[in-house]
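All remarks here apply to the structure that follows.
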Amino acid sequence: MITSDWGDWLPRAIDAADPESVAVWYLGCNGFVVKGSNGTTLFVDPYLGTGDPPRTVRMIPVPFDPADVVDAEAVFATHEHSDHVHGESQAPILESTGAPFVAPDASLAAAREDQGWEDRWDLTDEQFREVSEGDVLEIGEFTVHVVEVNDPDAEHPVGYVFEHDEGTVFHPGDSRPADSFAALGREFDIDLGILAFGTAGMIPDKQTREPTYTKWYNDEGEAVEAASALRLDRLLPSHWDMWKGLTADPTALHEHVASFEHPKRLDLVEIGDRVDL
């Protein structure tokens, strides 16, 4: 059972919102809600857990209880890590809304085999939808393209390009710069691109619990390299707020992006913030 630090104001605000184009809410970590002008509401990598202390320690509030979500057309996972596939965060949304869980094979295995979602929540087989690179989905007013990314720490990561008549959002999970990004930048006019940003730190090893040098996300140079290849209009750095010892200062990106044509704009947001295309 998840208890929110904020009550239910954020899911109520999302449900009541009537965006003129596409609205995007940052949920902290690498979680987002994308809502279109006709009301289609998509969740991507929502994570409301506290980590695995003392190895991973959550540094930000738990913004909502998933049981308070009343509308979702789909919940997407980019890869199988526990802060992207998490039953307590995501299965209650699927149970209450009937939305599908859209994910690559390793993420589905984490949900169904490792975490046993179907044994713990009232979910149907049809709610688990496997996708892979090259797939194209039509969900409400969005066309969703499943694309190749580069997360060396994941078994099978994918990214999602969310196309809408009013603009395009790209969420590549925890990807570093990828060979595919230049082609994606030519194929899609990406209004808002999300890139996981962080630093390196000494994090306890999963088995030995000994402090170990750890780097999970893009540093400043990698973030700019990826944003430039993708030809982003707007770059939104994520994940920098989450784990003790791996937090970072996103304002550092201002100087790094200054001399590049892309991104044209840097959107710095905190947990609970909304941006519009």
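The values are calculated or read from the model by the stated rules, or taken from the named source; none is laboratory data. Predicted model only: the values in this text are computed from it and were never measured. Neighbour counts are summed over all protein chains in view; Cβ atoms, including those assigned to glycine, are modelled from backbone coordinates with ideal geometry.
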Here the residues within the range 61-113 that are among the small types (Gly, Ala, Ser) and part of a loop (DSSP other than H, G, I, E, B) are Ala72, Ala77, Ser82, Gly98, Ala99
Just to be sure I understand the filter: pairs with C-beta atoms under 9 Å, separated by 6 or more residues or on different chains, first member in the range 217-234 and within 14 Å of Glu187 (Cα to Cα) and in contact (Cβ under 8 Å) with a residue 60 or more places away in the chain, second member buried (at least 19 other Cβ atoms within 10 Å of the Cβ) and of a type in the set (Gly, Ala, Ser). Which pairs pass? Leu230/Gly185; Leu230/Gly193; Leu232/Gly185; Leu232/Gly193; Leu232/Ala226
Restricting attention to the range 216-257, report how many residues are more than 21 Å from Ala154 (Cα to Cα), in contact with a strand residue (DSSP E or B) (Cβ under 7 Å, 6 or more places away or on another chain) and of a type outside the set (A, V, I, L, M, F, W, C). 4
Consider Val169 against the criteria (1) without any contact (Cβ under 8 Å) to a residue 60 or more places away in the chain; (2) outside any loop (DSSP other than H, G, I, E, B); (3) among the aliphatic types (A, V, I, L, M); (4) closer than 23 Å to Gly28 by Cβ: it satisfies all of them except one. Which criterion is unmet? (1)
Would a scan of the range 61-68 turn up a residue that is β-branched (Val, Ile, Thr) and touching a strand residue (DSSP E or B) at 6+ places or on another chain (Cβ under 7 Å)? no
Could you tell me which of the residues Phe170, Phe162, Phe197, Phe188 is within 11 Å of Leu232 (Cα to Cα), at pLDDT 95 or above and crowded, with 21+ Cβ neighbours inside 10 Å? Phe170
Sort out which residues of the range 38-54 are more than 15 Å from the chain's Cα centre (by Cα) and buried (at least 17 other Cβ atoms within 10 Å of the Cβ), and write them in order of number. Thr40, Gly51
With respect to Thr212, determine if the residue is among the β-branched types (Val, Ile, Thr) and part of a strand (DSSP E or B). yes
In the range 1-30, how many are of a type in the set (Val, Ile, Thr) and either farther than 24 Å from Ala196 by Cα or surrounded by fewer than 14 Cβ atoms within 10 Å (Cβ to Cβ) (or both)? 2
Would you confirm whether or not the range 234-249 contains a residue that is in a helix (DSSP H, G or I) and either surrounded by fewer than 16 Cβ atoms within 10 Å (Cβ to Cβ) or among the acidic types (Asp, Glu) (or both)? no
Number of positions in the range 255-275 that are part of a loop (DSSP other than H, G, I, E, B) and within 30 Å of Arg12 (Cβ to Cβ): 7
What are the residues in the range 125-166 that are hydrophobic (A, V, I, L, M, F, W, C), under 17 Å from the mean Cα position of the chain (by Cα) and part of a strand (DSSP E or B), if any? Phe142, Val144, Val146, Val147, Val161, Phe162
Checked pairs for the range 184-208, first of a type in the set (Ser, Thr, Tyr), second in a strand (DSSP E or B) and surrounded by fewer than 17 Cβ atoms within 10 Å (Cβ to Cβ), C-beta under 9 Å and 6 or more apart or across chains, list as Thr199/Lys215
Within the set of pairs 6+ apart or on separate chains, which have a first residue in the range 5-16 that is closer than 11 Å to Val69 by Cα and modelled with pLDDT of 95 or more, a second that is among the hydrophobic types (A, V, I, L, M, F, W, C) and surrounded by 15 or more Cβ atoms within 10 Å (Cβ to Cβ), and C-beta atoms under 7 Å apart? Asp8/Phe64; Leu10/Phe64; Pro11/Phe64; Pro11/Val69; Ile14/Trp25; Ile14/Val33
Going residue by residue through the range 50-60, is there one that turns out to be part of a strand (DSSP E or B) and over 20 Å from Trp240 (Cβ atoms)? no
